[in-house]
Structure formats: C-alpha cells, structure tokens
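Trainee: One structure, pasted below without further comment.
Read-outs: derived from the displayed coordinates by stated rules, not from any lab. These numbers were taken from a predicted model, which means no experiment stands behind them. Reconstructed Cβ throughout: ideal geometry from the backbone, glycine too, with neighbour counts over all protein chains shown.
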Amino acid sequence: MTKFKKQITIDVSRQAVWQKVSNLGDIYKFHPGVSKSYYTTDKAKGVGAARICELQPAGKILETVKNWEEGSSILLQIEGVEKAPPVKEFTGHFQLEDEGTGRTKVSLTISYEMKLGLIGDLLNKLIIRSKMEEGIDTLLSGLKVHSEKGLEIKNLKALQNILNAA
C-alpha cells in the first residue's frame, strides 16, 4: 500500500474552500490535470455522489464519495475507466481545517495499491508515485489560485504562469 499526504494553506475561509471542493462537477476549474468533469449520478452531494474526470492528456477516472462530513471532509474512491494507472484500492481524502481567521489548511491523503505484482511495485517506485505526488501538488496549487483569485486553471502551463507572476 502506498500512502502520502500533501497540504496547502489557502487564504480564504474554510466555507469558501468547501464550496469549491464539494462541487464535484467543477474540479476541472482548478485541477490542471483534468480537462473535463461531470456528475455520473443524480446526487450531487454526500455519500454516493460520483463524477467522471477526463484527464490531460488522456484517460478517465470515476470518483465516488464514500464518506462526507459537511464542511470538512470528503473521501473519494477512485477507479480507472480509461488509460488509467495500474492501481487498485485507490482513495483520495480531502480534509479542511481552519487555520486562523480567513485561512484554511487543506490536506489531501492519497492511498493505493499497485496491480501487476512486482512489476507494478517497480513501476510505482520508478514513475507512478512521483507522478501522483506531482499531480496532487498541482491540484492543491490550482485550488489555492482558484479559491483566492477566482481564476479557472485550464492547464499546467497556465497554473505555472500564474504562480510565477505572483
């Protein structure tokens, strides 16, 4: 089992960040690795709500809410649909905490197991874990920019330009 946690502090209220994170269909607005996202269920909030994320440059994943604590936490089960990494038991857990007035600490814990036995373990050590960590770093940076400035992040280059200009 591979597990890692990334964190970022965002200079807006927890309620404002929650509105971004809990609107599952809008992750494409702040995650530069997602070109399009949409609900696959009639339910938009709470346990059982689900979305498809179309990834850049290719691939699709299905994310389904397994735990929902209003205003503070969402646990997503993630499944590959098309051109996804060879992983199983894949989850992402968003946690939001107040970090003083008008500031929010966002944590995202990722855990997964590799498929393919020893080959999968080798792929994880050489490529997959570092790519996953890089992807989560850009997701959190995009969430920060989107929450603080209201800008939509279309791709990684746009996010880098915004961060470099700051």
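Trainee: What list of ³J(HN,Hα) couplings, whole Hz, do you get for the range 157-166 from phi and the Karplus terms 6.51, -1.76, 1.60, once you set θ to phi - 60° and write x for glycine and proline?
Mentor: After applying 6.51 cos²θ - 1.76 cosθ + 1.60, I find 4, 4, 4, 4, 4, 5, 5, 5, 6, 6 Hz.
Trainee: What list of ³J(HN,Hα) couplings, whole Hz, do you get for the range 120-136 from phi and the Karplus terms 6.51, -1.76, 1.60, once you set θ to phi - 60° and write x for glycine and proline?
Mentor: x, 4, 5, 4, 4, 5, 7, 9, 5, 4, 5, 5, 5, 4, 4, x, 6
Trainee: Turning to a different aspect of this structure: Students often get this wrong: which residues of the range 71-107 have the backbone nitrogen under 11 Å from the point 7 angstrom along Cα-to-C-beta of Ile127?
Mentor: Taking a point 7 Å out along Cα→Cβ of Ile127, the residues of the range 71-107 whose backbone N falls under 11 Å are 85-86.
Trainee: Which value, in debye to the nearest 20, describes the size of the charge dipole of the chain about its Cα centre when Lys and Arg Cβ atoms bear +1, Asp and Glu Cβ atoms bear -1, and nothing else is charged?
Mentor: Rounded to the nearest 20 debye, it is 280 debye.
Trainee: What does the extension gain come out to for Gln19 and Glu134, with contour length at 0.36 nm per residue minus their alpha carbon separation?
Mentor: 39.0 nm
Trainee: What residues qualify as long-range amide H neighbours of Ile153, i.e. H under 5 Å apart, gap of 5 or more or another chain, H built at 1.01 Å from N?
Mentor: Amide H neighbours of Ile153, under 5 Å, 5+ apart: Phe30.
Trainee: How big is the chain on each of its three principal axes, counting only the C-alpha atoms and giving the largest first in Å?
Mentor: Largest to smallest, the principal-axis extents are 47, 37, 27 Å.
Trainee: What are the ³J(HN,Hα) couplings of the range 64-70, residue after residue, when phi is run through the Karplus curve with 6.51, -1.76, 1.60 and θ = phi - 60°? Round to Hz, x for glycine and proline.
Mentor: Per residue, the Karplus-derived 3J(HN,Hα) values read 10, 6, 9, 8, 9, 10, 3 Hz.
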